[in-house]
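Notes for the one structure printed next.
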Amino acid sequence: MRILVTGGAGFIGSNFVRAVLADRFAALAGAEVVVLDLLTYAGTLANLTEVRDSPRLRVVPGDIRDAGTVAAAMSGVDVVVHCAAESHVDRSIEGASEFVSTNVVGTQVLLQTALEVRVERFVHVSTDEVCGSVETGASVETDPLEPNSPYSASKAASDLLALAYHRTHGLPVCVTRCSNNYGPHQYPEKLVPLFVSHLLDGRPVPLYGDGRNVRDWLHVDDHCRAIAMVAVGGRSGEVYNIGGGTELSNIELTRRLLGLVGVSEAMVERVADRKGHDRRYCVDWSKIRAEFGYRPQVEFDDGLRRTVEWYRRNRVWWTSTSPVAA
Ligand code: NAD
């Protein structure tokens with residue numbers, strides 16, 4: 001089997017690639033991997049160092065918006081796992097055009113090529129943010145999409161395109177919508193790596209608004225295991241929510257990070273809230289649990305402790321990639 005992982009040099013994509021090449025998913029054991037990645041600020045080949053000598057890995061530096069590049073990368077591919085995206089909400093508030101271009105147009109180029117190449121499975125990796133803010137309860141897969149940021153709106157558009165390629169052309173598409181991920185190799189602009197890198201450097205952390213926005217935190221290993229399940233056994237045209245992490249407000253999460261680094265709450269600097277900041281995301285993940293027996297395996301406190309340790313031990317990684325490097 002050959003798997004194309006777009007965005008395979010980013011946070012989630014590289015975790016998936018390392019796991020496949022380590023044969024951590026029995027159903028994908030022995031699979032070859034092609035990584036297609038533009039290596040933007042968020043992607044780095046350093047994320048693939050531990051597998052770079054694998055004879056089962058091929059890396060294609062290139063743009064998912066470029067049909068010729070995509071056709072060459074997708075040749076002979078059975079399964080596409082589409083992780084490439086512009087992924088940071090704050091950047092989408094500053095300027096949305098790259099988000100529309102990569103997330104919407106790039107996804108369409110991939111879908112069209114997948115149709116022509118006749119891939120057996122196209123997993124479109126999306127996010128719980130397309131469902132919008134839910135004050136109470138949990139979003140199910142059939143809820144109407146109510147994205148609020150330019151990032152989530154571009155992801156929602158790409159979800160709909162992916163599902164349209166299934167309904168119109170019969171392309172075997174599955175869409176996954178996962179909650180917030182944490183773990184190693186995440187670019188230090190998202191909350192966990194940003195805060196950890198600041199705290200390790202003795203700098204204050206910028207906490208948005210009242211700090212009471214709530215997210216469901218899932219270890220990236222659990223997300224990738226769920227993606228593998230959907231890649232192997234997902235039903236075409238279906239959406240699968242992936243969640244079941246630990247629901248925490250941003251201030252609660254911040255306090256845990258302060259504790260793990262061993263510093264006090266004096267390191268928290270309150271800053272003006274993000275524009276249009278969604279209060280809470282929460283997905284109902286009973287469907288993927290019922291169909292595949294999925295449930296998270298990484299216990300949150302242990303996963304977070306190991307994540308902080310990874311940043312502590314890999315200062316070179318985040319100081320050489322970081323916008324916050326001193
Ligand atoms: P990331 O920003 O760490 O990585 C994105 C990767 O895509 C980078 O390697 C980048 O170089 C690459 N890329 C960007 N534009 C490209 C282009 N035009 N062509 C080819 N490659 C390009 O993102 P991530 O956190 O790993 O997220 C991966 C996917 O998972 C995204 O689609 C995101 O929406 C989704 N997701 C993320 C989270 C999360 O908490 N991080 C949660 C749910 C879903």
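The values are calculated or read from the model by the stated rules, or taken from the named source; none is laboratory data. Since the structure is predicted, the reported quantities are computational estimates derived from the model, not experimental observations. Heads up, the Cβs are rebuilt from the backbone with ideal geometry, glycines too, and the neighbour counts pull from every protein chain shown. Side chains are part of the model used for accessible areas, which takes the heavy atoms of the whole protein and leaves out ligands, DNA and RNA. Shrake-Rupley method; radii C 1.70, N 1.55, O 1.52, S 1.80 Å.
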- [ ] Give the Rg (one decimal place) followed by the Dmax (whole number) of the stretch 176-217, computed from C-alpha coordinates and expressed in Å.
- [x] 11.6, 37
Open item on the list: Rounded to the nearest angstrom and ordered from largest down, what semi-axes does the equivalent ellipsoid of the stretch 135-175 get from its C-alpha gyration tensor (root of 5λ)?
Closed with: 22, 14, 7
Open item on the list: When 1/r is averaged over all different Cα pairs and the result inverted, which Kirkwood radius in Å belongs to the stretch 1-143?
Closed with: 15.9 Å
Open item on the list: Rounding to the nearest 10 and keeping the result within 0 to 90°, find how far the Cα-based axis of helix 150-169 lies from the longest principal axis of the chain.
Closed with: 20 degrees
- [ ] Provide the FRET efficiency to the nearest 0.05 for the R235-R279 pair, computing r from the beta carbons and using R0 = 30 Å.
- [x] 0.40
- [ ] Leaving out ligands and nucleic acids, note down the accessible area per residue over the stretch 96-137 with a 1.4 angstrom probe, in whole Å².
- [x] 38 Å²
Open item on the list: Give me log10 I(q)/I(0) at q = 0.11, 0.18, 0.23 Å⁻¹ for the stretch 101-211, Debye formula, one equal scatterer per alpha-carbon, no solvent.
Closed with: -0.48, -0.98, -1.24
TODO: With the full set of protein chains in place, find how many percent of the accessible area of the chain is carbon and sulfur; take the probe as 1.4 Å.
DONE: 50 percent
Task: Two-decimal Rg to Rh for the chain - Kirkwood Rh, Cα set - done: 0.94
Task: Over the chain, relative contact order from alpha-carbon pairs under 8 Å, at least 6 apart, % - done: 18 percent
Open item on the list: Taking R0 as 35 Å, what FRET efficiency do you get between E94 and R58 from their Cβ-Cβ distance, rounded to the nearest 0.05?
Closed with: 0.55
Task: q = 0.11, 0.19 Å⁻¹: log10 I(q)/I(0) that the Debye formula gives for the stretch 160-277, counting C-alpha atoms only - done: -0.50, -1.00
Task: Percent RCO, i.e. relative contact order, over the stretch 232-326, from Cα pairs under 8 Å lying at least 6 residues apart - done: 39 percent
TODO: Arrange the peptides 48-58, 300-310 so that the one whose residues have, on average, the most other Cβ atoms within 10 Å appears first.
DONE: 300-310, 48-58
TODO: Treat the stretch 207-326 as a sphere of radius equal to its Kirkwood radius over Cα pairs and apply Stokes-Einstein at 37 °C in a medium of 0.692 mPa s; give the translational diffusion coefficient in µm²/s, rounded to a whole number.
DONE: 197 µm²/s
Open item on the list: If you fit an axis through the alpha-carbon atoms of helix 11-21 and take the longest principal axis of the Cα set of the chain, what angle between them do you get, 0 to 90°, nearest 10?
Closed with: 50 degrees
